[in-house]
Amino acid sequence: MSKVIALATVLPVKSERPESSLPVPLAGERIVTPAANAERQPPAVPIQALSPPVSRARLRAAAIARAIILPGAVFLLVLVVWMLVNAKITSDIPTPAATWARAVEIFGQPFYVAGPNDMGIGWQVLYSLGRVLAGFALAVAVGIPVGFLMGASRDVHQACYPLVQILRPVSPLAWLPIGLLVFQAKDPSAIFVIFITSIWPVIVNTAAGVQAIPKDYLNVARVLRLGKLEITRRILLPATLPHILTGMRLSLSVAWMVIVAAEMLTGGIGIGFYVWDEWNNLNVASIIVAIGLIGLVGIVLESLMNLAQRHFDYNRR
Amino acid sequence: MSYLNISNVDVVFPTNNGAFIALREVHLEIEKGEFIAIIGHSGCGKSTVLNVVAGLLEATRGGVLLENKEVNSPGPDRAVVFQNHSLLPWLTVYENVRIAVDKVFGKSKSKAERHDWTLHNLRLVHMEHALDQRPGEISGGMKQRVGIARALAMQPKVLLMDEPFGALDALTRAHLQESVMEIQAALNNTVLMITHDVDEAVLLSDRIVMMTNGPAATVGEILKVDLPRPRNRLELADDPTYNHYRAEVLRFLYERQRRPEAA
């Protein structure tokens with residue numbers, strides 16, 4: 001997990017649009033050079049017959065078909081493996097059909113409340129999201145200023161970098177006992193675990209963003225005699241924002257991954273405890289449904305962050 | 001005393017292998033309204049001279065006087081057109097110029113006046129059609145036009161241009177040179193331009209400062225370009241005086257200051 005974060009901290013550099021670019025022929029278009037036009041005699045075989053023009057509509061239809069067929073094939077393959085596991089290895093893993101039936105049942109009443117420990121899956125997800133957002137917000141609130149300082153000052157960077165490197169790869173669950181001891185309560189401990197594991201991408205990306213600010217921007221600021229506050233507000237923050245948003249996106253997906261593990265141990269209401277509870281009841285179909293739901297919520301969070309990036313990132317507008 | 005006085009400037013950079021002397025005894029006096037081009041092989045320290053005048057770099061010895069006042073920090077009275085435009089990519093074309101206008105004239109001009117002044121300068125460089133575009137959406141030549149507008153909008157005492165057209169293709173460069181001549185005819189700025197383009201230097205400047213190769217680069221020769229203005233690129237192409245100047249610069253660069261490694 002930490003490897004992925006480390007690799008993803010390096011942002012791709014967007015290349016600038018060239019002054020003039022040669023027209024690139026679209027697939028299916030023929031390039032007619034002046035020399036070809038100057039031929040005295042028409043070619044014996046019409047060019048059209050050699051390469052029939054493919055209409056754009058057909059190209060698009062083919063692209064859409066590919067976008068559906070290829071992932072669909074992989075999905076089917078997974079279903080087949082799943083059924084094989086059910087048939088050959090252990091029948092404790094329910095069939096896809098049984099799982100589907102369970103899913104219909106679960107999502108039929110997502111927000112029922114039958115007692116403090118028996119609530120619909122909608123509530124479970126919402127409680128988990130609440131913890132994730134609290135931990136994530138804390139991570140962002142602390143991580144951005146720390147990252148800024150690390151990026152702006154070589155001394156701060158040198159002072160903090162070893163600690164960041166040591167703590168970054170630590171598994172979230174290793175933090176849980178510390179949280180439980182310090183906070184003496186389940187919810188703050190879970191939020192603490194989210195905070196301590198999702199803060200690193202924010203710090204690392206913010207620091208990298210500040211360090212990557214072209215010197216020219218700062219020279220512009222110097223020529224204009226901008227003050228420290230103006231430089232921060234008008235140059236540093238907007239220039240770093242794309243990096244910060246990347247860090248936040250990585251951080252949020254880490255947070256969502258961590259919450260399931262944390263809740264398994266702390267209990268209470270939440271999708272992680274739900275999985276654990278259903279395991280104790282041997283409702284494996286419910287667990288598989290929960291896995292699918294966790295993935296879907298992850299996608300939603302990811303696309304929300306993408307939306308934010310598109311809105312705030314000048315590179316992407 | 002001249003308007004801009006670069007007097008006996010040495011620039012020494014400390015390196016791991018001891019001190020590196022970039023400039024030694026660079027001396028140059030520039031009058032008000034003069035257009036000066038500094039030409040030399042790459043790596044000869046031309047940009048270092050400009051950075052010292054801009055105040056972005058401190059001279060190790062000697063110094064720069066502008067209107068008899070010592071230059072010791074950057075400021076809008078010595079606006080810089082950077083080689084790679086250095087527009088702020090999150091601001092529109094208009095905002096990139098406006099940020100400079102607000103900073104320089106925030107107290108002396110009203111909001112409406114600052115708006116008009118921003119537009120006026122963008123009009124000078126023929127960019128009034130792209131006010132709301134961002135730097136990522138316009139071509140390299142256009143970006144450099146906006147960079148020039150931003151510098152002009154500061155109403156600098158000296159306009160510093162650091163190889164402003166070096167990264168552009170030949171046609172775009174010619175267009176921008178025309179624009180600079182047009183603006184220069186209207187405003188009569190004092191300009192210090194770094195270039196490695198011989199034609200550009202002869203076409204635009206009143207005097208060409210030719211620098212020797214580094215390390216310890218210094219002013220080799222100064223050539224006065226006595227061609228009437230307005231200058232026309234096409235007419236000058238067959239002009240013997242123009243070609244004489246051109247040959248002088250070429251001779252300096254390729255015979256006397258031929259770079260050994262470029263042979």
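The values are calculated or read from the model by the stated rules, or taken from the named source; none is laboratory data. Values in this document were obtained by computation on a predicted structure and should not be read as measured data. All Cβ positions, glycine included, derive from the backbone under ideal geometry; neighbour counts span all protein chains shown. Ligands, DNA and RNA are excluded from the accessible area calculation, which covers all protein heavy atoms including side chains. Shrake-Rupley method; radii C 1.70, N 1.55, O 1.52, S 1.80 Å.
Condition check ((1) at pLDDT below 95; (2) under 21 Å from B:Ile38 (Cα atoms); (3) out of contact with any Pro (no Cβ under 8 Å at 6 or more places or on another chain); (4) in a loop (DSSP other than H, G, I, E, B)) across all residues:
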position: B:Val101; (1), (2), (3), (4): no, no, yes, no
position: B:Asp116; (1), (2), (3), (4): no, no, yes, no
position: B:Leu160; (1), (2), (3), (4): no, yes, yes, no
position: B:Gly166; (1), (2), (3), (4): yes, yes, yes, yes
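Could you tell me whether region B:15-24 includes any residue that is in contact with a helix residue (DSSP H, G or I) (Cβ under 6 Å, 6 or more places away or on another chain) and at pLDDT 90 or above? Don't jump to the end; show me each part of the working.
We begin by selecting, within region B:15-24, every residue in contact with a helix residue (DSSP H, G or I) (Cβ under 6 Å, 6 or more places away or on another chain); these are B:22-23.
Add one more test, that the residue is at pLDDT 90 or above, and what stays is B:22-23.
Yes - at least one qualifying residue is present in region B:15-24.
Number of residues in region A:214-241 that are touching a residue at least 40 places away in the same chain (Cβ under 8 Å) and either closer than 20 Å to B:Gln155 by Cα or within 11 Å of chain B (Cβ to nearest Cβ) (or both): the value is 3. Quick one: in region A:145-169, of everything that is in contact (Cβ under 8 Å) with a residue 12 or more places away in the chain and more than 23 Å from A:Pro242 (Cβ to Cβ), which residue is nearest to the chain's Cα centre (by Cα)? Among them, the one singled out is A:Pro169. So which residues in region B:124-147 are open to solvent by less than 10 Å² (accessible area, probe 1.4 Å) and either within 28 Å of B:Gly40 (Cα to Cα) or of a type outside the set (Gly, Ala, Ser) (or both), if there are any at all? Within region B:124-147, B:Val125, B:Met127, B:Pro135, B:Ile138, B:Gly141, B:Lys143, B:Gln144, B:Val146, B:Gly147 meet the criteria.
Just one of (1) in contact with a helix residue (DSSP H, G or I) (Cβ under 9 Å, 6 or more places away or on another chain); (2) modelled with pLDDT of 95 or more fails for B:Arg207. It is (1).
Would it be correct to say that B:Val225 is touching a Phe, Trp or Tyr at 6+ places or on another chain (Cβ under 6 Å), under 19 Å from B:Ile38 (Cβ atoms) and surrounded by 14 or more Cβ atoms within 10 Å (Cβ to Cβ)? For B:Val225, the condition - touching a Phe, Trp or Tyr at 6+ places or on another chain (Cβ under 6 Å), under 19 Å from B:Ile38 (Cβ atoms) and surrounded by 14 or more Cβ atoms within 10 Å (Cβ to Cβ) - is met.
Residues in region B:134-147 that are basic (Lys, Arg) and either touching a Pro at 6+ places or on another chain (Cβ under 8 Å) or at the interface with chain A (Cβ under 9 Å from one of its Cβ atoms) (or both): B:Arg134, B:Lys143. If you go through region B:120-139 and keep only what is without any contact (Cβ under 8 Å) to a residue 12 or more places away in the chain and of a type in the set (D, E, K, R), you end up with B:Arg123, B:Glu128, B:Glu137.
Within the option set A:Ile288, A:Ile203, A:Ile244, being open to solvent by 20 Å² or more (accessible area, probe 1.4 Å), of a type outside the set (Gly, Ala, Ser) and in contact (Cβ under 8 Å) with a residue 60 or more places away in the chain holds for one residue only, A:Ile288.
Rundown of residues vs (1) modelled with pLDDT of 95 or more; (2) out of contact with any strand residue (DSSP E or B) (no Cβ under 6 Å at 6 or more places or on another chain); (3) of a type outside the set (Phe, Trp, Tyr); (4) open to solvent by 60 Å² or more (accessible area, probe 1.4 Å), yes/no style:
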site: A:Ala97; (1), (2), (3), (4): no, yes, yes, yes
site: A:Gly115; (1), (2), (3), (4): no, yes, yes, no
site: A:Gly120; (1), (2), (3), (4): no, yes, yes, no
site: A:Phe136; (1), (2), (3), (4): yes, yes, no, no
site: A:Cys160; (1), (2), (3), (4): no, yes, yes, no
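The requirement of being within 14 Å of chain B (Cβ to nearest Cβ), among the hydrophobic types (A, V, I, L, M, F, W, C) and closer than 27 Å to A:Val146 by Cβ is fulfilled nowhere in region A:262-281; no residue meets it. Filtered by the rule that a residue be more than 9 Å from every other protein chain (Cβ to nearest Cβ) and either touching a Gly at 6+ places or on another chain (Cβ under 8 Å) or under 16 Å from B:Gln155 (Cα atoms) (or both), region B:77-95 gives B:Asp77, B:Val81.
Looking only at residues of region B:18-63 that are free of Cβ contacts under 8 Å to residues at least 60 places away in the same chain, closer than 14 Å to B:Val80 by Cα and among the aliphatic types (A, V, I, L, M), we find that the one that is surrounded by the most Cβ atoms within 10 Å (Cβ to Cβ) is B:Val52. Taken together, B:Gly33, B:Gly40, B:Gly45 contain a single residue that is under 17 Å from B:Ala151 (Cα atoms), away from every other protein chain (no Cβ under 14 Å) and under 19 Å from the mean Cα position of the chain (by Cα), which is B:Gly33. Taken over region B:96-116, the criterion of being within 21 Å of B:Pro164 (Cα to Cα) and facing another protein chain (nearest Cβ under 8 Å) is satisfied by B:Ile99, B:Ala100. Would you mind stating whether A:Val170 is in a helix (DSSP H, G or I), open to solvent by less than 80 Å² (accessible area, probe 1.4 Å) and of a type in the set (Val, Ile, Thr)? Judged against the criteria, A:Val170 is not a match. Applying the criterion of being over 17 Å from B:Val53 (Cα atoms) and open to solvent by 20 Å² or more (accessible area, probe 1.4 Å) to the residues of region B:148-167, the residue that is farthest from the other protein chains (Cβ to nearest Cβ) is B:Gly166.
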